[in-house]
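Worksheet: the structure to be examined is printed underneath.
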Amino acid sequence: MTRILIVEDEQHLADGLRFNLEAECYDTEVVETGEAALDRLQVPDPSVDLMVLDVMLPGLSGFQVAAKLREQGDYVPILMLTARGRADDVVKGFEAGADDYLPKPFELAVLIARIGALLRRHAWGRRQQSTPTPAPPVDRYEFAGREIDFAALELRRDGRTLPLTLMEANLLRYLVQREGQVVSRKDILEQVWGVHEDTDTRAIDNFVVRLRRHIEDDAASPKHLLTVRSVGYRFVAEGNVGR
Ligand code: CA
């Protein structure tokens, strides 16, 4: 059974989430603080399939919890609950390693759809190791000795496999589909992240810095994910192409 860990300090909301997710045949578990969530996942726990993580928590914030888990190499799918009208929270959430977000208050049907989509994305990757069917869609991109597997949310290079968050994979997909073209920060925010409010577009730069650590040999002098001054970014599949 698919198990969802709910991290939410407002009890009526936690109860409502639990009730509705169980009605959808998910197994649920509720903790009220970030600290309790980290304790629960101290050792990456394959029995937790997804985490619904509130941002505003007493003690550690949802951002800190997500960042800590990713730092520990735990790539459990995270759906973050942010406050409506806080575009900065969305940006911070993705930077911390969230896979998707939903502003509060939200429609339950939307939450359930998002959870389903996130679980499906992650299931493709895992299913390859367990049961042979159904085959995941072929959804890969190779460049300069690296391979991005969009279905499995993985980057393979130098004999290593690095997990990607859904948003890292989505941004990479957006960039590689526009290989050689300049993509503005605003386009990334709107088209990839679904943020349509005015927010400081430079906020995504930290996210890009982290992505460079995955794909570049030297993140400080990128050859593939290039900054285009005062506009945004450009992805170049082969290095050494003039800027
Ligand atoms: Ca809260």
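Values in this text are rule-based calculations from the coordinates and carry no lab data. Not measured: the values here are computed from a predicted model. Reconstructed Cβ throughout: ideal geometry from the backbone, glycine too, with neighbour counts over all protein chains shown.
Give the shape of segment 136-242 as rounded, prolate or oblate, defined through the alpha-carbon gyration tensor: a ≥ b ≥ c are the square roots of its eigenvalues, a/c under 1.5 means rounded, and otherwise the shape is prolate if a/b is larger than b/c and oblate if not. Verdict is oblate for segment 136-242.
Using a cutoff of 8 angstrom between alpha carbon atoms and counting only pairs six or more residues apart, the relative contact order for segment 136-242 works out to 24 percent. In a simple Cβ point-charge model (Lys, Arg +1; Asp, Glu -1; nothing else charged), the chain has a dipole of about 1020 debye relative to its Cα centre. Chymotrypsin sites (Phe, Trp or Tyr not before Pro) within segment 29-117: which are DSSP loop residues with at most 16 other Cβ atoms inside 10 Å? Taking segment 29-117 and a limit of 16 other Cβ atoms within 10 Å, the loop chymotrypsin sites (Phe, Trp or Tyr not before Pro) found are 106. Local charge sum around residue 89 (other residues, Cβ-Cβ under 12 Å, Lys/Arg +1, Asp/Glu -1)? So the environment of residue 89 carries a net charge of 0. Once a ≥ b ≥ c are taken as the square roots of the eigenvalues of the Cα gyration tensor of segment 3-127, is the result rounded (a/c under 1.5), prolate (a/b larger than b/c) or oblate (a/b not larger than b/c)? Rounded, since a/c falls under 1.5. The ranking of 56, 51 from fewest to most other beta carbons within 10 Å of each one's beta carbon is 56, 51.
Residue-normalised convex hull volume from the C-alpha trace of the chain: 130 Å³ per residue.
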